[in-house]
Amino acid sequence: MRLHLLALNPTDSVTEGFLPAAARLGLAVTLLTDQPAAHRRAYARFTEGAAHDGPWPELTVVYCDVREFREVIGRMSALGRPDAVFTNSDHLQTQAALAADYFALPGKDWRAALCTKNKAQLRRSLAEAGVDTVWSTELGPVEDPATLKDLEAPFPCVVKPREGVASEDVVRVEDADELVARCREIRERRPHAALLVEEYLDGPLHTLETLGDGRTLHTIGAFRTRLSPPPYFIEERLDLLPAPPRPHADRVLEQLHALGVGFGACHTEFVIQGDRARLIEVNYRAIGDQCDLTLAHLLDIPLFEHILRVHLGEPLPADLGARTDGRARVEYVCADRGGTLVAAPQASDTERDGVRLVYRPLRERGEEHPLHRTNRDYLGVLRATGTDQGRIDRAVEEFLADRRWEIVS
């Protein structure tokens, strides 16, 4: 059986999660991407026969303009009818859903994929369904930010690209003058980008991780997220909760149902306000930045295989058999200035006192970068898992205190 997988840049989720899972399921994979050279470099140690952990699928990497659904369907048709179409990219969910529908294969409803990706449409859909209303307005691709000068908005507000990801160009603004200035700054980096201005939703930030097959929807985890100080929204730390918060998880599921979300993996971010769950955004794919790898290890279930099986048309079991005693903390080491990284620890895997620590660098020594004030500022990620949160926290603090990251401007 052959899986057609759509991707932009290489990610840990695909390299360490979905491709090995495809191999375990006996799937051959055709990876369609607009960055084939980057993927071939990322997979060289596997395809050239070097020793590695776990299986690796029969893999073919081909060029495709994956952002354009017509090109995706045409390229897939030329390559031969697939048995499944899948992507874990935020940007490509609608394209994958349309391609799956074209080939009469299991997949997400393209309307739900489009609605969750387009944050303005997300707000409209939730309001129309009567499940939540958030004040928001759009600045169209060719509209002048100066038109927002007299906007009667409930400041503070948040401005963000309508279809952005990873907190890139997401910023809180305190008044109309700052709003116009920030929109102009973003437009310099993203010419003709559509922007969304919306009410700032204050409250503790959480995630809900779900997995469905179109009939059964499992809640597989929930994280509490710590953000950087305002006005930016960089995720600095995530803690896996012992159980999803109630009744807030139920409120989130109600809103996901209204959006038509319930097939495959979904990563939803929301804030708690009393008994209310206010959605920040819905990412219709598995949680990233190595949190999915953490979940798969901690829950002790074949998470990536389950996700791929759904796209092959297989139903999920009524009980996933996930462990419930695990605890986790994911800590991101962030750059605080632009410059060259001259000192940083190497990758490591250790286990002590019931705590497993996995550290992976995300930037190589000698690399020079500006300060982005987004997830692109991550220097490394530390995944700590165990069954005792106190031990996990102590192990993380000791690890961070004993190591040095240095950037020279």
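The values are calculated or read from the model by the stated rules, or taken from the named source; none is laboratory data. Keep in mind that what you see is a predicted model, and the values were worked out from it rather than measured. Here the Cβ is made from the backbone with ideal geometry for all residues, glycine too, and neighbour counts use every protein chain on show. Heads up: the accessible areas ignore ligands, DNA and RNA and are worked out on the full protein's heavy atoms, side chains in. Shrake-Rupley method; radii C 1.70, N 1.55, O 1.52, S 1.80 Å.
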Which value, in debye to the nearest 20, gives the size of the charge dipole of segment 205-408 about its Cα centre, when Lys and Arg are +1 and Asp and Glu are -1 at the Cβ? 260
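Rounded to the nearest 20 debye, what is the charge dipole size of the chain about its Cα centre when +1 sits on each Lys and Arg Cβ and -1 on each Asp and Glu Cβ?
660
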Percent accessible area from carbon and sulfur atoms, the chain, protein chains only, probe 1.4 Å: 46
For mean projected area of the Cα convex hull in nm², calculated from these coordinates, the label among [x] 23.9; [y] 17.8; [z] 20.3: [z]
What share of the DSSP beta bridges in the chain is antiparallel, in percent to the nearest 5? 80
Filtered hits (lysines, Cα-Cα < 24 Å from K160, offset >= 8 within chain) -> K117, K119, K149
D144 neighbourhood, Cβ < 10 Å, K/R = +1, D/E = -1, net charge +2
For every helix of n ≥ 4 consecutive DSSP H residues, a contribution of -39,500 (n - 2.57) applies; sum these over the chain, divide by its total residues, and give [θ] at 222 nm rounded to the nearest 500 deg cm²/dmol. -8000 deg cm²/dmol
In the neighborhood of Q95, defined by Cβ-to-Cβ distances under 14 Å, what is the net charge if each Lys or Arg adds +1 and each Asp or Glu adds -1? -1
With the charge dipole of the chain built from beta-carbon charges (+1 for Lys and Arg, -1 for Asp and Glu) about the Cα centre, the Cα from T219, L8, L196 projecting farthest to the positive end belongs to L8
Rounded to the nearest 20 debye, what is the charge dipole size of segment 2-105 about its Cα centre when +1 sits on each Lys and Arg Cβ and -1 on each Asp and Glu Cβ? 200
For segment 269-327 and segment 367-394, write down the distance between their C-alpha centroids in whole Å. 20
May I ask you to give the solvent-accessible area per residue for segment 186-339, in square angstrom, as obtained with a 1.4 angstrom probe? 38
Note down the relative contact order for segment 2-105 as a percent, whole number, built from C-alpha pairs under 8 angstrom at least six residues apart. 35
For segment 54-157, dividing by residue count, accessible area per residue (probe 1.4 Å) in Å² works out to 47
From the residues A104, W405, G26, which one has its Cα farthest along the dipole of the chain in the positive direction, the dipole being from +1 and -1 charges on Cβ of Lys/Arg and Asp/Glu about the Cα centre? G26
